[in-house]
Amino acid sequence: MFVLKFGGTSVADQAAIVRLVDIVRAARQAAVAPENTDPRGPIVVVSALGGATDRLLGIAAEAGAGDADGARENVRLLLERYLLMAGVITDDGLREDVERYLGVEFGALARVVSALAVLKEVSPRWLDAIAAIGELASSRIVAAALESRGLAAAWVDARTVMVTTAEHTAAAPLMPETEARMTAVLVPLLAVRKIPVIGGFVGATADGVTTTLGRGGSDYSAAIVGACMGASEIQIWTDVDGMLTADPRLVPDAQLVPQLSFDEASELAYFGAKVLHPATILPAMAKNIPVRILNSRNPEARGTLITASRPSSGLPLTAVASKRNVTVVDISSTRMLMAHGFLHKLFGVFEHHATSVDIVTTSEVSVSVTVDDTRRLSRIIDDLRAFADVTRQDDMAALCVVGEGIQGDALFVSRLLQAIGPVPIRMLSQAAERRNITIVIPDSDLSGALTRVHAEFFRP
Ligand code: ADP
Ligand code: ASP
Ligand code: MG
């Protein structure tokens, strides 16, 4: 049984939803083909309409700033867009049901933002309630679109199956509870040959408070569904042909990577390959389920297949990724050398402020770390100053090269540094498994360095 996840661009307009229906139809036909021993599914996971989450968070920000009229006007415009999209539902009765649902949800949203604009404060809990509407509404439209075009679909409210922690805007799934709910809700639907359609990104705490898994989290939802339901493949349908050798927005001649290992894929996702949410691979890896990235605008292309191991490509590098908005924090021991317990104390401060560090390098007297989430950084620095000298540098970027072939190539690092060229390198780190090397440089040097590294290792 397959799980098919469609990202925002794959549901961005009516034509995209029609393509989605065709893709689901083909998957359905394959599932019920006589030679298939498990004629169930697929299960469909969908994102909000392209750009809708940004809009919803913008509306929340307007409400938080007290701009009730602006927020309500944008709610109205977004509802209009969703209603327009519902036009893709070819059955009048089904379409009217969905239109009613949209009216109710967006009506409630308009009242919520009016109230929040009076309070001028939007808590993370409200942010989640607001953002979730994007996926709840798009999944309703997609379920009815499938149904009206002859595919037996059943809409499933994600909040009834995805059980999460209460960490709003970045909730984590509670796997045993989620598996139990998914089994209870999805197995009976699949047994009567239905195609369940679930909004990605959205969940709820055990007592029913709406949560979200963090930006880009629909990929993660799909992998969680796949793992809980024992899927044989998780397909991520998006707007590029697969994982490319670099971010195509930064390196226009990036090429397709036909196969990746789970480890390579998670490193790339973690270091900025946005095509996959960084947590996606974990549930798939735990159950050894292949993940395939495919292009909904070019469904015939073979895409990228991600599995536990893959045949060698013969190249040292698989792909490069990068992350912007990185902050470097240098922490020097105020004694001559790092005292016993210094690292423990230092990381304890980050731990205490629930902030994770990404890249770490050390010397005899100092430690440098990078941080993505700087919301609590000033307080962290205050605490660190109790026992260390601390400096902070914003506007840095991390360039990460990933490849199973790095370890076998003695000249790799010199070739890499040569390609990066005359750029001040702030940090350099190589993981124990030698599958990746990460280099921290000024953000202003990123684009050039990325282009040169890509040209060096992926010259056509
Ligand atoms: P979706 O809405 O389908 O989830 P995303 O926008 O989240 O799509 O991810 C797809 C985008 O990721 C691509 O359009 C591309 O611009 C970007 N991207 C960044 N790095 C890579 C990479 N290495 N390979 C492919 N796409 C990448
Ligand atoms: N709609 C959410 C976002 O834009 C989740 C996703 O698309 O994966 O972040
Ligand atoms: Mg995405």
(message) Can you give me the angle between helix 124-148 and the longest principal axis of the chain, using Cα atoms only, in degrees from 0 to 90, rounded to the nearest 10?
(response) 50
(request) Report Rg(Cα)/(2.2 N^0.38 Å) for segment 142-217, keeping two decimals. (result) 1.16
(message) Report the Rg/Rh value for segment 78-168, based on alpha-carbon coordinates and the Kirkwood definition of Rh.
(response) 1.03
(request) Evaluate the Debye formula for the chain with equal point scatterers sitting on the alpha carbons, no solvent, and hand back log10 of I(q)/I(0) at q = 0.06, 0.12, 0.14 Å⁻¹, in q order, two decimals. (result) -0.29, -1.11, -1.36
(request) Let me know the shape class of segment 262-324, please: from the alpha-carbon gyration tensor, a ≥ b ≥ c as square roots of the eigenvalues, rounded when a/c is under 1.5, otherwise prolate if a/b is greater than b/c, or oblate. (result) rounded
(message) Need one number: nm distance between label points at D372 and A30, each 7 Å from Cα along Cα→Cβ, rounded to one decimal.
(response) 3.0
(message) Taking the Kirkwood radius as the inverse of the mean 1/r across Cα pairs, report the Rg/Rh of segment 337-411.
(response) 1.05
(request) Pop a pseudo-label 7 angstrom from the Cα along the beta-carbon direction at both A301 and Q14 and give the gap in nm to one decimal. (result) 2.7
(request) Only Cα pairs under 8 Å and at least 6 apart count here; give the relative contact order of the chain as a rounded whole percent. (result) 13
(message) Please give the charge dipole size of the chain, origin at the Cα centre, charges +1 on K and R Cβ atoms and -1 on D and E Cβ atoms. Round to the nearest 20 debye.
(response) 360
(request) May I ask for the angle, rounded to the nearest 10°, between helix 14-31 and the longest principal axis of the chain, with both axes built from Cα atoms and the value confined to 0 to 90°? (result) 90
(request) Give the accessible area for H344 in Å² (nearest 10); use a 1.4 Å probe, count only protein heavy atoms, and leave out ligands, DNA and RNA. (result) 150
(request) Using 0.36 nm per residue of separation minus the Cα-Cα distance, give me the extension gain between M175 and D97 in nm, one decimal. (result) 24.8 nm
(request) Measure nothing fancy, just the Cα-based angle from helix 175-191's long axis to the longest principal axis of the chain, in degrees from 0 to 90, nearest 10. (result) 30
(request) Determine the order of H352, H340 by accessible area, beginning with the largest, at a probe radius of 1.4 Å. (result) H340, H352
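The values are calculated or read from the model by the stated rules, or taken from the named source; none is laboratory data. Nothing here was measured: the structure is a model prediction, and the numbers come from that model. Backbone-built Cβ (ideal geometry, glycine too); neighbour counts: all protein chains shown. Calculation scope for accessible area: heavy atoms of the full protein, side chains included, ligands and nucleic acids excluded. Shrake-Rupley method; radii C 1.70, N 1.55, O 1.52, S 1.80 Å.
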